[in-house]
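The structure under discussion appears below in the form of structure tokens.
Derivation of every value follows stated rules applied to the coordinates shown; laboratory data play no part. Since the model is a prediction, treat every value here as computed from it, not as a measurement. No Cβ is skipped: glycine too gets one built from the backbone with ideal geometry, and neighbour counts run over all protein chains shown.
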Amino acid sequence: MSIRIFLADDHAVVRDGIKAVIERTSNDIKVIGEADNGREVLKSVKTQHADIYILDISMPILNGIETTDRLLKLLPRCKVIILSMHDDRMFVEKAMECGAKGYILKQNTTEEVVHAIREVYRNKFFLSPQVTKYIVHGFLGKKSSHKEKKKVVDLTKREKEVLQLISEGHSNKEIANEFNLSLNTIHVHRNNIMRKLEIHKQADLIRYALKEGISTL
């Protein structure tokens, strides 16, 4: 029985490269679908389910981390491998907190992707060697840290989507067109985001989105 894979990356050349590696090295792994943004990934579950979703962290419209969070709520039994050019601790921890089972750096893709697929399919974790240290340090830090918990800000799904587009430089009009909403509704979302975050400058909004992994620019 084949391991069914769904690929999501906004660069077709990356998807083609992963497919080529899979086809060349294994006959029990099958790519059943592709997308270039997170929203299309979520739409795909209405017609087909994959065993493993390989998601680019930096996708437009809906990034890989937010897509992972929503996807696992829709399909709790599926597994996610994050594909990323970022080896920063924050991105790795965010991905794992959202339920990803794997985190592969793009420069390692051709060497690691098939091995990662097989490990994750067996319900194990797979991380590129360059980022495993963050998980170990994070675990040790949680055991020894007694720091005050930071304030949790509860943004809605739509507010996170709007914030990602704001941080990517889209205007209110462009965001309204993207979601087929009125300009006034986007203004309301923007104001609610700023109020909840206690942020009043666009530059600070962008910094927050980057820090929280909502946008990777």
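For the cross-link pairs K73/K124; K43/K157; K30/K73; K124/K160; K79/K124, the ones whose C-alpha atoms lie over 18 Å apart are K73/K124; K30/K73; K124/K160. Taking 7 Å steps out from each Cα toward its Cβ at N180 and K196 produces label points 2.3 nm apart. Take every Cα pair under 8 Å whose residues are at least 6 apart in sequence, average their separation, divide by the length of the chain, and the relative contact order is 17 percent.
Taken about its Cα centre, region 3-140 carries a charge dipole of roughly 520 debye when the Cβ of each Lys and Arg holds +1 and the Cβ of each Asp and Glu holds -1. The longest part of the chain holding none of the exposed loop trypsin sites (Lys or Arg not before Pro), meaning those outside H, G, I, E and B in DSSP with at most 14 other Cβ atoms within 10 Å, is 152-200. Matching the structure-derived volume of the Cα convex hull per residue in Å³ against the labelled list (i) 113; (ii) 148; (iii) 126 gives the label (iii). Spatial offset of region 151-184 relative to region 187-206 amounts to 10 Å, using the alpha carbon center of each. Counted without the sites themselves, the longest stretch of the chain free of GluC sites (Glu not before Pro) in a DSSP loop having at most 12 other beta carbon atoms within 10 Å is 1-147.
Three semi-axes describe the equivalent ellipsoid of region 157-211; taken as square roots of 5 times the Cα gyration tensor eigenvalues and ordered largest first, they are 17, 12, 9 Å.
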